[in-house]
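The values are calculated or read from the model by the stated rules, or taken from the named source; none is laboratory data. Everything numeric here is computed off the predicted structure, so don't read it as measured data. Protein only, heavy atoms only, side chains kept; ligands, DNA and RNA dropped before computing areas. Shrake-Rupley method; radii C 1.70, N 1.55, O 1.52, S 1.80 Å.
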Amino acid sequence: APTMFSDFSPQNLANIAWAFASMNIDAVILFHEIAQVSISKLDTGFKPQVFSNIAWAFASAGIDASIFFSKMADTALPMLADFTPQSLTSLAWAFATLGFDSSFHFFSAIANVTLTKLDDFLPPHLAKMCWTFACIAWSQFDFFNSLLVAAVAHQDKFDDTALAELHLVSIHFQVEFPDQVFPLAQMKERLQLAYQALQNADQSEKVQDNVATALIKMKWGSLNDFNKYFVQGIKLQFPKPDTKTAIIIDGPIYFLKGKENSHIENGPLRFKLRLLEKLGWTIGHIPYYEWESLGEDTAQQASYLQKKLQTLSPIASE
């Protein structure tokens, strides 16, 4: 029970969080209680693996815990050199996934430590670290180039998840360093195919069908393009290619769970929207919970979409 957590060690707190996240159990209140207790124990027993495990758990469960993570960053910073490549990668990935991308000092320190341990990074960690820094809009060419050149030697050892992550890295590389050659250029088709294959729908077909029906009635877009259009592998569910505008549905995987049932955009959603903007697209996005709140009222659905289309404007820049 939450009242017992004050007697738990940092390792035990990390183990509980890891277990609930691994089993995909919705336990927002429990996670927030763990965060609160952990803050009081950050200086007493939090070691690199504990930092890594608890950060991974919160990010995997999609829990908004900005105060906890801010304090965690401050405490972990002096000991980053003691992290293994795997624990360093998990820590960085968690912060990026939760949208904690404003601490240049923290990520700069992670980047520096990464470069000193590069020879010990396994293929999955190389790919995930590249994705992490692309996700937070890191713009230092030398860092990406070092990791990607190291990845060349492992190009036959990446699994589909790593290949998909590297595809988004390739787009980030393209828009941030247009005059540079992507070190894994010979793999770009393979990367894109892996990303498209893993890009499963994260909302029900019913939601998509309802939106499609309403948009067709409003004479917006073509049924032939719905859910079949890709921009460099990124699916646009409801595109209008002639004007480079699109409507997309943001499913539950793109939002963090906060207190009071709040919904906060996570790092991957902001990453995807930023890439689409850089590629010249204007996106109107529909959070799943807003659409669900309309129920089956087709008049309300049409009114909601009309407002989305009227205000369709360039997506927020970083």
The chain, Gaussian network, Cα under 10 Å: of PHE226, PHE141, PHE182, the residue fluctuating most is PHE141
With the chain reduced to its Cα atoms and the Debye formula applied, log10 I(q)/I(0) at q = 0.12 1/Å amounts to -0.88
Once the in-chain neighbours fewer than 8 apart are removed, the aspartates and glutamates whose Cα is under 13 Å from LYS217 read ASP209
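Please work out the Kirkwood hydrodynamic radius for the stretch 78-157, using every pair of different C-alpha atoms, and report it in angstroms with one decimal place.
On the way: mean 1/r = 0.0799 Å⁻¹.
Kirkwood hydrodynamic radius for the stretch 78-157: 12.5 Å.
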Heavy-atom accessible area of ASP179, protein chains in place, probe 1.4 angstrom, given in Å² to nearest 10, is 150
Nearest 10, in degrees from 0 to 90: the angle of helix 188-198 to the longest Cα principal axis of the chain is 80
The answer for the per residue Cα convex hull volume of the stretch 225-306, in Å³, is 106
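With the cut-off at 28 Å, report for the stretch 1-138 the share of all Cα pairs above it, as a whole percent. Can you show the working numbers first?
Details: 1234 of 9453 pairs.
Across the stretch 1-138, Cα pairs with separations above 28 Å total 13 percent.
Over 28 Å between Cα atoms, which of LYS128/LYS278; LYS278/LYS307; LYS219/LYS244; LYS228/LYS257 qualify? Spell out each step's value before the answer.
Details: LYS128/LYS278 22 Å; LYS278/LYS307 24 Å; LYS219/LYS244 16 Å; LYS228/LYS257 30 Å.
Correct reply: LYS228/LYS257.
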